[in-house]
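Here is the structure we will look at.
Read-outs: derived from the displayed coordinates by stated rules, not from any lab. Note that this is a predicted model, so its numbers are computed, not measured.
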Amino acid sequence: MAFTWFILLLTIVGTAFLLLLFHRRFLGHVLHERIPDRPRRRLFVASVSFFLTFAGVRGVVYCIVHQIPPFHFIEMGGRHIHHLVIGIIILLLVGYGWLAEVGTGADDSSILLSRLMSILYGVGAALTLDEFALWLNLRDVY
């Protein structure tokens, strides 16, 4: 269960860090100047979030497979819970938010909310796609 909290903490800290970098800071202004189109900025932020999360999760899984403490698989009742589940939940929440036009830029929604939704989309996609071998085999690949 500690791994679950670690992944969630890593997700929250990473999201907060990216928001801090992009919101009302030099990097945010550079991003706004270089990519003036708001939907393209959201795509860029989601891509950065995706690649950073994917690399972080690969590092954590490497530690688990090589038995480097304190990392271990998530198990509940003897069943291995994959981080794919966390990714799907995040993607569902972001999708629902975008259906409700939260952070889409359709109205005067805040840039902070727009970037938060983009970051969470990238995180959810990375957590889900990192387990692609599980999709193909439909069984536990570890």
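Backbone amide hydrogens, once placed in the peptide plane, bring I81 within less than 5 Å of I74, E75, M76, excluding anything fewer than 5 places away on its chain. Using only alpha carbon pairs under 8 Å that are at least six residues apart, calculate the relative contact order of region 2-137 and give it in whole percent. RCO, region 2-137: 34 percent. Sequence-ordered 3J(HN,Hα) estimates for region 27-32 from the Karplus curve with 6.51, -1.76 and 1.60 and θ = phi - 60° stand at 5, x, 5, 4, 4, 5 Hz, glycine and proline given as x.
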